[in-house]
Every structure is written in C-alpha cells, then in structure tokens.
Amino acid sequence: MFGLEMPPLNAETWAILGTLVLLEGLLSADNALVLAVMVRHLAGDLQRKALAYGIGGAVVLRILGVLLASYVLEYWWLRAFGALYLAYLAISHFLKHKTSEEDGAGKARGRGFWATVVLLNLTDLAFSVDSILAGVALIPRDMPPQQGLTIVVIGGIIGLILMRFAATIFLRVLNRYPAMDNVAYALVGWIAVKLGVETLEAAHEVYPAVPTFHLPQTLFWTVMAAIAVIGTFLATRKPAMTEAAAEAKAERVVHTIDDMVVDAADGRIDGR
C-alpha cells in the first residue's frame with residue numbers, strides 16, 4: 001500500500017515538483033503566520049507552549065496526510081471529495097474579505113489555552129489537507145500509484161522544510177505582496193478542476209452512465225503557467241509595505257517560532 005518508486009525525471013515531473021515548491025512555500029508561510037497570530041491573546045509563557053503544540057501538530061498531521069494520500073490515489077470517490085474540498089477552498093478564499101491573519105486572530109480571540117491549542121491543530125489539519133490534496137491532484141492519472149505517492153511524499157517533506165528554513169522568504173513575499181495569496185489559491189482552484197475531471201474519468205470506467213471529459217496535460221500546464229505569470233504580475237504591482245518592513249515582520253514571526261523550537265528541544269516549552 002505504501003510502496004514507493006522513483007518517477008521518471010522528465011519535464012512533467014519537474015513541473016509538478018516546481019508547483020509543489022511554490023504552493024508549499026506560500027501555504028506553509030501562511031500557516032506559520034496564522035499560528036503566530038492565533039496565540040497573541042495568551043500570556044507570554046502560554047504563547048510559547050501553545051505554539052509548541054501547534055508546530056508539533058503540524059508535523060504529525062503532515063506525516064499522516066502523506067500516508068493517507070495513498071488511499072486518495074487509489075480510490076476515485078476519495079479523489080471526488082478531494083476535488084470538492086479544493087474547489088471549496090479556492091472559492092471561499094476569494095469570497096471572504098478577511099486576510100488569513102485577520103481571520104486567524106478573530107477565531108482565536110478570547111479563547112482559553114486548550115481551546116486555542118485545539119484551534120491551532122484544526123488549522124494545521126486544514127493546511128495539511130490543502131497541500132497534500134494539491135500534490136495528489138497534480139499526479140497524472142496514468143502514473144503508477146507508487147510513483148505518484150513518491151511525489152506526494154517529496155511534497156510533504158518540502159512543506160516541512162519550507163515551514164522552517166524558507167519561511168522568512170515566503171513570509172516576506174506575502175507581507176510585501178499580500179495578493180500573492182490569491183495566486184496560490186487560483187492555482188489550487190485550477191488544480192481542483194483537473195482532479196474533478198480525472199475523477200469523472202475514473203467514475204466513468206466503473207459507471208458508464210457518468211459523463212466524462214478529458215483535460216489534456218498541455219492545456220492544464222498552459223493555464224497553470226498563465227495563472228502563475230499573470231497573477232504574479234498583478235499581485236506585485238502595488239507593494240503593501242517596504243522591503244525592509246516586510247523582512248522585519250517576517251523575522252519577528254520566525255524568531256517567535258525559533259524560540260519555541262529551542263524551548264521544546266531543551267524541555268522548556270512552558271517558557272521557564
């Protein structure tokens with residue numbers, strides 16, 4: 001079930017990995033920012049302890065998500081749920097008027113310690129599902145499951161690495177150009193279309209009455225490139241803050257998370 005096999009390193013595989021780096025980077029940075037904001041209402045020591053549980057939950061949930069991805073790759077009806085969820089995610093992002101930071105702060109405000117910890121882990125779950133499903137959706141339907149799962153595993157590892165080591169870079173981008181968030185979710189929406197079309201193809205093989213369509217890979221990647229290029233151009237026209245301010249804000253978030261990691265490593269996650 002969890003066998004892995006290295007996929008061929010062709011142009012399509014590199015395109016998938018490149019897309020995962022972009023999505024994982026933006027979503028992981030967004031996750032780190034939201035987690036840091038959601039604990040602001042707690043006392044100083046409790047902020048660090050709550051973040052310890054939150055980051056730990058992010059790691060565990062990401063690992064579980066990668067393991068469960070093998071089932072999503074195998075069963076078409078699970079892919080249908082994945083397509084619907086990704087579509088919901090993209091649509092709800094563009095319909096709401098709050099930023100992720102504002103939304104996270106609003107949800108956590110006034111909650112006690114354990115209620116905040118639960119909310120942190122629910123947020124981690126949402127971000128983990130987002131990125132894992134996006135990775136699954138990018139896998140060509142005719143690719144062997146063992147190779148597809150390998151790519152999803154690589155994507156999951158990239159996400160964990162980017163959440164820490166490249167967080168400053170992506171946070172700086174999001175701080176300076178908040179609309180880059182829109183580019184990520186526009187890509188997620190188009191990926192949902194791909195997964196939906198492939199789900200119909202798989203369902204048609206089992207139930208011939210189900211209508212089926214075909215989305216050529218060339219068309220899919222052309223639209224992906226157009227969204228990335230045009231979206232980035234539009235998002236970067238009007239910076240929300242200076243480069244120095246964006247970097248300082250990103251450094252504050254990463255410094256907060258670093259302090260928490262050091263405390264967790266030496267057994268002082270309660271800040272003592």
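The values are calculated or read from the model by the stated rules, or taken from the named source; none is laboratory data. Note that the structure is a prediction, hence the values are computed from the model and not measured. Every residue, glycine among them, receives a Cβ derived from its backbone with ideal geometry; neighbour counts consider all protein chains shown. All accessible areas refer to the heavy atoms of the entire protein, side chains included, with ligands and DNA or RNA removed. Shrake-Rupley method; radii C 1.70, N 1.55, O 1.52, S 1.80 Å.
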Can you tell me which of P178, P211 is in contact with a Leu (Cβ under 7 Å, 6 or more places away or on another chain), over 25 Å from W14 (Cα atoms) and open to solvent by 50 Å² or more (accessible area, probe 1.4 Å)? P211
Selection within the stretch 3-30 - in a helix (DSSP H, G or I) and either of a type in the set (D, E) or open to solvent by 50 Å² or more (accessible area, probe 1.4 Å) (or both): A11, E12, W14, V21, L22, E24, D30
Residues in the stretch 181-208 that are modelled with pLDDT under 85, buried (at least 17 other Cβ atoms within 10 Å of the Cβ) and farther than 22 Å from G148 by Cα: how many? 1
Could you check the stretch 29-69 and list, in sequence order, the residues that are of a type in the set (S, T, N, Q) and at pLDDT below 70? N31
Taking the stretch 209-227 and the residues there that are small (G, A, S) and at pLDDT 90 or above, the one that is nearest to the chain's Cα centre (by Cα) would be A225
Is there any pair with a first residue in the stretch 49-75 that is of a type in the set (K, R) and a second that is open to solvent by 20 Å² or more (accessible area, probe 1.4 Å) and assigned to a helix (DSSP H, G or I) whose Cβ atoms are under 8 Å apart and which are 6 or more apart or on different chains, and what are they? K49/F113; R62/L160
Need pairs with beta-carbon distance below 7 Å; first residue farther than 17 Å from A192 by Cβ and within the stretch 208-230, second aliphatic (A, V, I, L, M); sequence gap 6+ or separate chains. V210/L200; V210/A203; P211/L200; T212/L200
If you check every pair at least six apart or on different chains, which have Cβ atoms under 6 Å apart with a residue in the stretch 177-203 that is of a type in the set (K, R) first and a residue that is open to solvent by 20 Å² or more (accessible area, probe 1.4 Å) second? K194/L215
Please work out if A248 is of a type outside the set (D, E, K, R) and at pLDDT 75 or above. yes
